[in-house]
Structures are given as C-alpha cells and as structure tokens.
1. Just give me the residues in segment 621-669 being within 11 Å of ligand 1 (Cβ to nearest atom) and within 17 Å of residue 72 (Cβ to Cβ), in sequence order.
2. Return the residue satisfying two criteria in turn: it lies in segment 504-515 and is more than 10 Å from ligand 2 (Cβ to nearest atom) and surrounded by 24 or more Cβ atoms within 10 Å (Cβ to Cβ), and of such residues it is farthest from residue 79 (Cα to Cα).
3. Looking at segment 660-707, which of its residues are assigned to a loop (DSSP other than H, G, I, E, B) and under 30 Å from residue 114 (Cβ atoms)?
4. Can you say whether residue 144 is aliphatic (A, V, I, L, M), within 31 Å of the chain's Cα centre (by Cα) and under 30 Å from residue 55 (Cβ atoms), as far as the supplied structure shows?
5. Could you tell me whether residue 367 is within 16 Å of ligand 2 (Cβ to nearest atom) and either touching a strand residue (DSSP E or B) at 6+ places or on another chain (Cβ under 9 Å) or part of a loop (DSSP other than H, G, I, E, B) (or both)?
6. Given 407, 428, which one is within 16 Å of ligand 2 (Cβ to nearest atom) and buried (at least 19 other Cβ atoms within 10 Å of the Cβ)?
7. Is there a residue in segment 155-167 that is in contact (Cβ under 8 Å) with a residue 12 or more places away in the chain, within 30 Å of residue 628 (Cβ to Cβ) and of a type in the set (Lys, Arg)?
8. Restricting to segment 449-495, count the residues that are in a loop (DSSP other than H, G, I, E, B), away from ligand 1 (no atom under 16 Å from the Cβ) and crowded, with 20+ Cβ neighbours inside 10 Å.
Amino acid sequence: MGDPTKQDDDTVHYDGPAGGWGSLRGISSIYGKEWATPAALDTLAHQNKPGGFMCVSCAWTKPAHPHPFEFCENGAKATLWELTSRRCTPDVFAKHTITELKGWSDYDLEQTGRLTQPMRYDSESDTYVPVGWDEAFAGIAAELKALDPKSTIFYASGRASLETSYLYALFARLYGHNNLPDSSNMCHETTSVGLKKVTGSSVGTCVLDDFSKCDAIFFFGQSTGQNSPRFLHPLQEAVKRGCRIVTFNPLREKGLIAFTNPQSPTEMLMGRETQISELYFQVRPSGDIAAIMGLCKHVLAREARHLADANRHLLDMGFIEQHCHGFDDFVARVKATAWDEIERESGIARKDLEAAGDIYCDAHNVIGIYGMGVTQHVHGSQTIGMLVNLLAMRGNLGREGAGISPVRGHSNVQGQRTVGISEKPELVPYDKLRELFDFDPPPDTGMATVEACEGIIEGSVRAFIGLGGNFVRAIPEREKMEAAWQKMRLTVQIATKLNRSHLINGEVAYLLPCLGRSETDQQASGPQTVTMEDSLSMIHGSVGKRKPASAHLLSELAIVAGIAKATLPPHPKIRWDEWVGDYGKVRDLIEATYPDKFEKFNERMFTPGGFYKGNAARERIWKTQSGKVEITVPDGLNACGFPDAPGRYRLITLRSNDQFNTTIYGYSDRMRGIEGTRDVLLISPEEMAKARLEAGQVVALESDAEDGVARSVGGLTVTPFDLPSGCVAAYYPEMNPLVPLSHHDRLSKTPASKSVPVRIRA
Ligand SMILES: Nc1nc2c(c(=O)[nH]1)N[C@H]1C(S)=C(S)[C@@H](COP(=O)(O)OP(=O)(O)OC[C@H]3O[C@@H](n4cnc5c(=O)[nH]c(N)nc54)[C@H](O)[C@@H]3O)O[C@H]1N2
Ligand SMILES: Nc1nc2c(c(=O)[nH]1)N[C@H]1C(S)=C(S)[C@@H](COP(=O)(O)OP(=O)(O)OC[C@H]3O[C@@H](n4cnc5c(=O)[nH]c(N)nc54)[C@H](O)[C@@H]3O)O[C@H]1N2
Ligand SMILES: [Mo]
C-alpha cells in the first residue's frame, strides 16, 4: 500500500476558477490510472439522463434537458470509483487479519476495490471468511430473533433507493422498532426539524425553474463548487441574465467566486470565467444569525425611508398580515439589537451588510440557499429561522422565482425520509401501514443518530445494521464510539466497498456486498429500475446498465428482503419474494402509502427532469402550529453555543473536492490549493502570530468543550489560510474525535461540526 500522506504525482497546483481545466484534470487523473475503458465513458454519458442512471454523488436535481455530459468532476469520480476494476475478494481477507487491516488508512481500504462476496467475521482467525447468502441471512436472523428489537439499530446512509428504503423501514416496524437513524441526522436534520417548525415543510420550496426567475440569491454556508458542482450551471446562467449573488462563508470558496464551464469549448479555450458572487463576506463561523439580523435591520430602515418618501411599503404587508405569525415581536427584537453587536458577532462591517441589504430590497424575487455551514451548529435551527424571517419580510416564500433552498447531500437522502426512514412515528402514515400490511407498527419514538451513539456507548444497543455508509467514521466522539462498538453482539454492513466501519465489528459480524447503482439489477421479472428523490423534490427512475462487479452480488433490496424474510414469521400480506422479483410492486406499495406524493408512480418515473412530489409550503399552505409562517426570535446572535475564551477557537470541519464524505479519492484539495496531505491546520496569519505559530510547524488540536473530556488529534501542519479571526479549519472525517457527542443543534440533534471548541497545542 502506498504512503497515504503522499499526493498522487500527477496532481498539479491549480489556481483557476472552479470547473475549467482543473475539473477535467481531476477526472482524467482518475481515468488515466485504471478506469479508462470505453465502457466506463459510455456509462458516464448515460449519467443523470432520462432512461440512464442517476448519479451516486450529490442530490442536486437532474434537469429535463440535460447537457451532453450531465455530470461533474465529483459525479464522474463517484461513478468511476464504483466502476473500479479492483476487487476486494476473499483473498484480501485471507491475507490480512482485521487487526492488520485496521492499521491501513481509509484511502487504502477503499483502494482494495469492490467487495465481491458475502463475508462473516471469524473471531478465531480474526478474519472475514466467505459465507453463502442463505447462511448469512439465517445467521443474522438467528441473532435478531434472540435480541430485543428495541435494542437494535437500522442505519441508512442516503444512497439506497426509495424502493429499498421503504422496505427497510417496513422491516424495522414489522420486527418491532423505529430505530432508523439516517445520515441526514448528521446533515440536514436541522432542516427537517427547523425548517418544518417555521414553514411546516421539511424540505425546500424551490424548483429548478425558480433559478431562472430569481433576481438575487443569498448563499449561506454551502460550497457549490465542491459539493454540488452541476448547480454551478444554473448559477452561471442566472448571473449572466443579471441575477445578483451574495455569499456568506468564512472561507473564500472558489466555486462561489468564479466558474468556467468545463462543457463549453469556447469558455475553456478562451479561459473565460463568470464571476459568481457580487458580494462575498467572510462571516465568522456561527455568525450568520448576526449577519441576517443586520440584513433585516437594514430592510427595516429602508422600509421606514420608503414609507416616508413614497408613502408605500417596501415590506410585503399583505404577506406578513395574511401569512406570518409573530412578526411584531421579531421587529421589536431587530430594532433592539445594536449594530456594534451585529458587527462583532458576524465579523462583517455595517456598511457591507447594508450593501447586501440593498441587493435584497432591490430584488423582486430572492432565493435563500444554505448547506452544512448553517445546519451544523448548536443553534443551526435558529439560523434557518432567521433566513425564513428575512425572506418573509418581502414575501419571498411560496412564490415563483423565490423561496428557500437547502442543498442536500446524498443522492437519495431526502427521499429516504419521504418513504418512512424516520424514528418519529408521527411522520409515518401508520393508518396506511395497518391497512396494507395488517399489523400494528410500534408506537414509540425510536433512536436517531445521537441517541443510537449514546445507546452504543452505554451498552444498551446490541445490534447495528448499516445500509451503506461509514457510521463509525462519520459520527462524533470517535474514540469512545470505536471502543464501545466492539461490545455489540451483532454488526451487519451492506456495502459496495470496504471501509473503517467494517473493521470495527461486533462479536458476530457480516459484511454483505451489494450492486452499485450503475449496474444491471436482474430479477425474476427482468432488469429493474430504482428511484430517488433529489434536493428539489423531483423523483427520478434510474436504470443501471453495467455488468455487476461480481456474480455473487445481490441488490440492496434483495439483501434487505433476505434478512427480513429469514427473521420474521410468514404473513400473507408480506411478500418479500414477490417484491424482490418486481420492484414495480414496491412502487405500487409506496403509491398506496403516500397517494398524494406518488400518484401514478410507475407511469411517471421516467418523466424528463423527474416528477414533482409537491410541497404545501410552495402553495402558501403552512402546516405549522399557527397555520402561518412562524416568525421566530433567536436566543442570541451566534449559533455556536459556547462563549469565546482566551486560546479557544471555533473549528470548522471541512470537505475537499477530492473526497465524498468518508471516502477519500485523493490528497488534492485543488480549489483551496492544499496538495499532498490532509493533515493540516488552516489558520489565518494574524492568528498564527498571536499564537506564536510558524507555518509548517506540527501541532495538535485538543477539545476545549465545557464537559472537560480529553480529546485530541495530532500531527497537523500549521498552514496559513485566509480565515476570519478566532477560528481554525481542518478536514472531516479526520477531526471527528474532537466533536463531543453532546455538541449538536438543540432542536434536531445534528452534530455541530462547523464550530467545535478547540485549543492548539504546539
Ligand atoms: N465532492 C463532494 N461532494 C459532496 C460531498 C462530499 O463530501 N464531497 N458530500 C455530500 C453531502 S452528504 C453533503 S451534506 C453536501 C455538503 O455540502 P455543503 O453543504 O457545501 O457542506 P460543507 O462543505 O461541509 O460546508 C459548507 C460550507 O460551509 C462553510 N461554513 C462553515 N462554517 C460556516 C458558518 O458558520 N457560516 C457560514 N455561512 N458558512 C460556514 C464552509 O466554509 C463550507 O464552504 O455535499 C454533498 N456532496
Ligand atoms: N466532522 C464532521 N462530521 C460529519 C460531517 C461534517 O461535515 N463534519 N458531515 C456529515 C454528513 S453531511 C454526512 S451525510 C455523514 C456521512 O455519513 P455516511 O453516509 O455514513 O458516510 P459515507 O462516507 O457517505 O459512506 C461511504 C460508504 O458507503 C458505502 N457505499 C457507497 N455506495 C454505496 C451503495 O450504493 N450502497 C451501499 N449499501 N453502500 C454504498 C461504501 O462502503 C462507502 O465506504 O457524515 C457526517 N459527519
Ligand atoms: Mo450529508
């Protein structure tokens, strides 16, 4: 295995805009090595096209009129990663014990390639040994039958299809629990809970067409160039027609500054780039509540001037009176908040916030966008509330060309929630489940991610099934979690590639390899289609055409059904074999369970651009407590939940464009100019001087959380970087040992990974 800290020798430092030659080089650096087959290129050409398969990377929408190659650098990487010619066969496990494999880097583990056969952990030899599918299902079932269902966890990492997710959740409830954490619990749960609280809808209100009608876009903590690059196309088009973009982000992220379309030969040859953000503010991490407060303050000042000069309102009084609850309290709070407080907490000067406020006031249609820079804070839900307040002031909600648009992560993470992956029974139509399957689903609230981690640490959780993902790497509190994990009785991982979570196994452990989305899924009734829901609530069919990586693979749906059938007693209405034989029948069940969202599901699944699930909030129907948009008042002006203290920094945990979550593709963070290593501590030159640090010095980060627990990560090279004062940045997942499990959004329990309290130890 290569040295994981060394960079690939063909990576180059790239200083241009996002997209452009750099992104093509990013793709070809993977191509050049081992994946360069005509078949792979053909697969990519079908990516995100009607009748083709849907990208396994991000959740950005798939347009009705796709580009000739509707994929980006990251989508291509993610697909090629799945198409690798390398195989992690039983041979790999025969040659290396689990203890040995634990010494490998995460990068090297995934480099072993696609898993090919079901494996069972053999404690005597400390290895994974091959096992037949039926034997694996029977073994898992025997364990599950002996356990209290409520002591087991069924995790899902937002990739599995709507069909598989629906059956997975059904299995959990038939077996007897609602313990269905999802990667969303670490991601946009703040949206699912916080946005729902104020608008009544747990998802964004915008559709793609709104981006061609908006006059201004306000961006908070979402890194489009890295994490949803296809979204740069509609952004570029919006800018070209005069839409004004204002961005709030502690880092100057390339994609939001300028973009060259890699699919436009003229732009590529002429080196032409589009400036994306007209104004770009390096807000302090957790300072968005203050920044939005400043914007609102300016809108109120403009309203007063407007009334005096023109005797007309600048605010949308009709919307406020008819659709908002609590507006007056909010206005009182904005007026009572002083500018110097706003400047201090946001790190942005008053005149700058006023300039941004002018763009807001002068635009007829405004869209607010956000990502992890908003959701992963102790008061992330309150920041979402503030963004909704700002939009509501001029009626920018539930109207064409305007709205709120959280950008989701995993390609079907939003959809998994739609079809029942939820720990909350009140979010699932139990009456329909009773009617369809003739059973009583469990009434009690189950465990989401944080509760599952608490249960694992405390020993009350006895079994964990992972439908994809890399739970142990993605969660906070790594040290305690890794130790506690091995005390579980049973761990089962359904996966395409080997990762860390597969090596930290329970007493009884199975590793079950599944088909990837780009591969043909052949069942009794023929090749199958699967479906997903994207970030803009569009539902798409996806058909894999590639030959499976191994003849032993089963589909995710078949694996879930296989375990369920072996575990549960027979029941005339539960027809696992029939459902595995024809996924169309599962879609019929989804339609019967959610008739308003999935009408004519089988007929409509190949609608170009997808079909819209619908959203009441878009129609100005607010399913909130008051029946109106809840205009909320935040507790304070920062979202971090801990006070400033000497030597304490807010740590931002970052992704690079050369990773997909816990999967590290390589060591080139091209857009930030960090090459060859991920073991860096990014810090501003001013903070370096204050802390007497030298560039290149190796330091450790230590937890500075109020709980006093010792947590640290060492070996970080001090790297000067353009960041606001009082904060540092380093990579996720390497920094996860520093995140306390209790450090999460107060409302939704989303881990607060974007402002972790740390100290630097030289
Ligand atoms: N290539 C690639 N694509 C991906 C992923 C990946 O890992 N790699 N992951 C996928 C997943 S699951 C998700 S959820 C999405 C994540 O996509 P994003 O939502 O973009 O998530 P991050 O990159 O973690 O953080 C977003 C930005 O928040 C900024 N930020 C940090 N703190 C603050 C703050 O306090 N305020 C503001 N305004 N900004 C802040 C950071 O500088 C960063 O630019 O991407 C998806 N797509
Ligand atoms: N500190 C910090 N922590 C974070 C974050 C952060 O910004 N900072 N971000 C959080 C976020 S937004 C998220 S979404 C989570 C991510 O948490 P997870 O979703 O649990 O992690 P991933 O890295 O996306 O999972 C990758 C693994 O999924 C498996 N896989 C890939 N494709 C498939 C497939 O088609 N089927 C199956 N069954 N398996 C497949 C492969 O084995 C691969 O190793 O991490 C969270 N943790
Ligand atoms: Mo995510």
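1. 655, 656, 657, 658, 659, 660, 661, 663, 665, 669, listed by residue number.
2. 509
3. Within segment 660-707, 661, 662, 665, 666, 667, 676, 677, 678, 679 qualify.
4. No; evaluated as a whole, the condition is false for this residue.
5. No: the conditions fail for residue 367.
6. Among 407, 428, only 407 is within 16 Å of ligand 2 (Cβ to nearest atom) and buried (at least 19 other Cβ atoms within 10 Å of the Cβ).
7. no
8. 4
The values are calculated or read from the model by the stated rules, or taken from the named source; none is laboratory data. As the structure is a computational prediction, the values presented were derived from the model and not from experiment. A quick note on method: Cβ atoms are made from the backbone with ideal geometry, for glycine too, and the neighbour counts reach across all protein chains shown.
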